[in-house]
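Q: So that we are looking at the same thing, I have put the structure below in structure tokens.
Values in this text are rule-based calculations from the coordinates and carry no lab data. The structure displayed is predicted, hence computed values, not measured ones. So basically every Cβ, Gly included, is an ideal-geometry build from the backbone, and we count neighbours across all protein chains shown.
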Amino acid sequence: MTSPRILIVDDHQLAREGLSAVLSQGGYDVVGLAASGEEAIELAARLAPDIVLMDVRLGDGIDGLEATRRVVAQGLPSRVIMLTLHETPA
């Protein structure tokens, strides 16, 4: 069985690199790292990952919710898992 191909999207470099290191050590195939919603949309279209780990808040520009809508609208088979460090459910 092949490992899922994962795209990590977070505007914090340390979070992206940390998740990538942990997942790679666990045998997962991290195929891309994106720092913004715009970059996530472009990389998802180009790389067609199995899983997109998407931060909800992405600083300036397109947030994780809108980026997820646009990734899903592309019709890719990718599954998006939303991530956040914020304690409030909203």
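Q: Enumerate the residues in segment 6-20 having an amide nitrogen under 17 Å from the point lying 7 Å beyond the Cα of THR84 toward its Cβ.
A: Answer for segment 6-20: 9-12.
Q: Right, here's the next one. Can you tell me the dipole magnitude for the chain around its Cα centre, using point charges on the Cβ only (Lys, Arg +1; Asp, Glu -1), in Debye to the nearest 20? Display every interim value, and only then the final one.
A: Values: 7 positive and 13 negative charges, 70 e Å.
Charge dipole, the chain, about its Cα centre: 340 debye, nearest 20.
Q: Arrange the peptides 4-12, 42-50 so that the one whose residues have, on average, the most other Cβ atoms within 10 Å appears first.
A: Result, highest mean first: 4-12, 42-50.
Q: In terms of modelled amide H atoms, which long-range or inter-chain residues lie less than 5 Å from the amide H of ARG57?
A: GLY64
Q: What are the ³J(HN,Hα) values, in whole Hz, obtained from phi via the Karplus relation 6.51 cos²θ - 1.76 cosθ + 1.60 with θ = phi - 60°, for each residue of segment 28-36 in sequence order, with x given for Gly and Pro?
A: Going residue by residue, I get 7, 9, 7, 9, x, 10, 10, 9, 8 Hz, with x marking Gly and Pro.
Q: For ARG5, enumerate residues with amide H under 5 Å from its amide H, sequence gap 5+ or separate chain, H modeled in the peptide plane.
A: Amide H neighbours of ARG5: ASP50, ILE51.
Q: Go ahead and estimate [θ] at 222 nm for the chain from helices alone: -39,500 (n - 2.57) per DSSP H run with n ≥ 4, summed, over the residue count, rounded to 500.
A: Counting only the DSSP helices, I get -11500 deg cm²/dmol.
Q: Right, here's the next one. Considering only DSSP beta bridges with both partners in the chain, what is the antiparallel share in %, to the nearest 5?
A: Percent antiparallel among DSSP bridges in the chain is about 0.
Q: Applying 1/(1 + (r/R0)^6) with R0 = 30 Å to the Cβ-Cβ distance of LEU14 and ALA45, what FRET efficiency is obtained, to the nearest 0.05?
A: 0.70
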